[in-house]
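The structure appears below as structure tokens.
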Amino acid sequence: MDLDTLRHSCSHIMAEAVKELWPQVKVGIGPSIEDGFYYDFDKKEPFTDEDLARIEDKMRQIIKADEPFLRQELSKQEAIELFTKLNEDYKVSLLRDIPEEKVSIYKTGDKFIDLCRGPHIESTGQIKAFKLLSVAGAYWHGIETNPMLQRIYATCFETQKELDDYLKNLDEAKLRDHRKLGPQLGFFDIYHEEAGAGLVFYPPKGAVLRKIIEDYEKKEHLARGYQMVITPHIMESSLWKTSGHYDYYKENMYVLKVDEKEFVLKPMNCPGHILIYKSKTRSYKELPLRLFELGTVYRYEKAGVLHGLLRVRGFTQDDAHIFCLPQQLKAEIKGIIDFVFDTMKVFGFNDLGIELSTRPEKFIGTEEDWRLATAALTESLEEKGLSYEINAGDGAFYGPKIDIKLKDALKRKWQCATIQCDFALPKRFGLAYVDVDGKEKQPIMLHRVLLGSLERFMGALLENYKGALPLWLSPVQAVIIPVRDSVSEYASEVRRELCACEIRAEIDGRNETLDKRVREAEITKIPYILIVGEREAQNRSVSVRKKGAGNQGVTDLEELKKEMKHKITNHEGGGPY
């Protein structure tokens, strides 16, 4: 049985149950989504937890009755008249926007009728396992000036075991929610009221984690032949008109006036990199030219879609643009793919999925350029023996793309790496290189990110590791706890020696019990807890507790330094929790 059909059918059953319980409620839409389904309702009073329980009970009655899903075709006008009579204003609104003159409706039970193209299961009795999950607000059609509806999220599976496994996974995901872990552990915060929504602040621990990631990226990019660049955060709008962003992306851009001229707070880094390419005459011998920037960009996102670090208004991309010859194109694409896989492995992600996104309805450039660009991406994947899915029509407006998604400890997908092949922007900006024959020719441009948004990637890291980051990524790698004041000097000596080895260590010498200090270090997920007393001071040793492994006994300080340094250098010290 098709799971989407099952879930969409279950959404109809939920809507039928709501209408039976609250006949005056008006219904919106109820599609299936990746992990379940939802339905939007116009109800004055908010749905409560008790209401959800009542809806579930009513749904069970409908399922037990084994009501058939009956399909009927009507003319558009007949349907408008029907739903007008039923006072279903949102269905009438949908019908007025439908271009077809024939539509279909589905009926279940004695009264419930829904506008739907289907398909559906044969009868309600085929639903075996479902659960209502939560309620959220949702503007009609996602437009803030439209009425706010109540959206009930739910899920449905073919078997109870699948549902139980999903709910267990959902409970685990709540424990890993980076929106809670991040502020609790001191990695980031978002001060909605004071600074504005979607803007991220990094306290010391978060700033250290960012620096670790950035330093790793800079080192690896330089080793692979990239050149570092930095571009301004604000540039004249004429640049964005040339690139096409002004016409195709303006609703997501911050546009402002400066000295009577219009400027844009950059949503992308590519136009800046293009200007650097254009700054002098380029020879074919200089290509491929790989320009890399940890570039902070700003995009207007509606308040309703902001979500922790995953959807923000200001974020930093590990952005690079490669300008190459046609004969270099596939080798560069393959090199990026290798770079992505190598990088993800270092951060502990070995399970990756690949999607190839093709030409959208609104695009720039010629169809022939799009064909060549798509072929280059496709052939690169196939020559490397990588399987992928087609994501039809989801390419960028200037070119097709490969998206590489990591899977975390709960097998959830996170969008990170992207490779976009672009013939259009080099043409729009008049980019050229002097070829071996002395003639000017147009380079091909690759846009790419590895981790993508550093904010999004940090969110993925926190959830994958449940906040317990691997040793090499932990902002504080060891906390030293002196048992009493008489060994404070030795605790300071241990810290100095660890810091001299570039091991990040702190001392917790507070006037608290030993048990409380150890417990707090465990709660903050510090990899090594080093307890020192009189015996350790005399023997130049430490009593070691490791994250996830407990008490390890007394260890010589020199041996500890070697062990920790080895793990840090080799990016060891933790797996998904």
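Here are the numbers for this structure:
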read-out: Some residue of the range 568-577 being out of contact with any Gly (no Cβ under 7 Å at 6 or more places or on another chain), aromatic (Phe, Trp, Tyr) and assigned to a loop (DSSP other than H, G, I, E, B); value: yes
read-out: Long-range neighbours under 8 Å by Cβ, at least six apart or interchain, first residue without any contact (Cβ under 8 Å) to a residue 60 or more places away in the chain and farther than 15 Å from Lys405 by Cβ within the range 343-372, second among the aliphatic types (A, V, I, L, M) and assigned to a loop (DSSP other than H, G, I, E, B); value: Thr358/Ala392
read-out: Flag if Glu251 is in contact with a helix residue (DSSP H, G or I) (Cβ under 7 Å, 6 or more places away or on another chain), exposed (fewer than 15 other Cβ atoms within 10 Å of the Cβ) and of a type in the set (D, E, K, R); value: no
read-out: The one condition in (1) without any contact (Cβ under 8 Å) to a residue 60 or more places away in the chain; (2) assigned to a helix (DSSP H, G or I); (3) basic (Lys, Arg) that Arg545 fails to fulfil; value: (2)
read-out: Residues (surrounded by 18 or more Cβ atoms within 10 Å (Cβ to Cβ) and either of a type in the set (A, V, I, L, M, F, W, C) or outside the structural domain of Trp140 (by TED's automatic domain parsing) (or both)) located in the range 53-73; value: Ile55, Met59, Ile62, Ile63, Phe69
read-out: All strands (runs of 3 or more DSSP E) inside the range 386-485 with 2 or more residues being touching a helix residue (DSSP H, G or I) at 6+ places or on another chain (Cβ under 8 Å); value: 401-407, 413-422, 444-453, 478-482
read-out: Flag for Ala65 being without any contact (Cβ under 8 Å) to a residue 12 or more places away in the chain and of a type in the set (A, V, I, L, M, F, W, C); value: no
read-out: Extreme residue, surrounded by the most Cβ atoms within 10 Å (Cβ to Cβ), among residues of the range 176-209 that are touching an Asp or Glu at 6+ places or on another chain (Cβ under 9 Å) and among the charged types (D, E, K, R); value: Arg176
read-out: Filter result for Lys102 (in the same structural domain as Lys43 (by TED's automatic domain parsing), within 17 Å of Ile29 (Cα to Cα) and in contact with a strand residue (DSSP E or B) (Cβ under 7 Å, 6 or more places away or on another chain)); value: no
read-out: In the range 138-175, residue surrounded by the most Cβ atoms within 10 Å (Cβ to Cβ) [restricted to those that are touching a Lys or Arg at 6+ places or on another chain (Cβ under 7 Å) and among the small types (Gly, Ala, Ser)]; value: Ala154
read-out: Boolean, Gly308 is touching a helix residue (DSSP H, G or I) at 6+ places or on another chain (Cβ under 7 Å) and of a type in the set (Gly, Ala, Ser); value: yes
read-out: Residue within the range 121-139 that is in a helix (DSSP H, G or I), outside the structural domain of Tyr300 (by TED's automatic domain parsing) and of a type in the set (A, V, I, L, M, F, W, C) present; value: no
read-out: Within the range 240-273, tally of residues that are free of Cβ contacts under 8 Å to residues at least 60 places away in the same chain and aromatic (Phe, Trp, Tyr); value: 4
read-out: Unique match (being touching a Cys at 6+ places or on another chain (Cβ under 7 Å) and in contact (Cβ under 8 Å) with a residue 12 or more places away in the chain) among Lys561, Lys525; value: Lys561
read-out: First in the range 117-143 and closer than 24 Å to Asp51 by Cα, second anywhere and among the acidic types (Asp, Glu) and outside any helix (DSSP H, G or I), Cβ under 7 Å, 6 or more apart; value: Thr124/Asp66; Thr124/Glu67; Gly125/Asp66; Lys128/Glu158; Ala138/Asp40
read-out: Test: residue in the range 22-44 that is of a type in the set (D, E, K, R), crowded, with 21+ Cβ neighbours inside 10 Å and touching a helix residue (DSSP H, G or I) at 6+ places or on another chain (Cβ under 7 Å); value: no
read-out: Residue satisfying all of: in the range 520-540; surrounded by fewer than 22 Cβ atoms within 10 Å (Cβ to Cβ) and within 32 Å of the chain's Cα centre (by Cα); farthest from Leu209 (Cα to Cα) among these; value: Glu520
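The values are calculated or read from the model by the stated rules, or taken from the named source; none is laboratory data. Owing to the predicted nature of the structure, the values given are computational and were not obtained by experimental measurement. With ideal geometry, Cβ positions are generated from the backbone for all residues, glycine too; neighbour counts draw on all protein chains shown.
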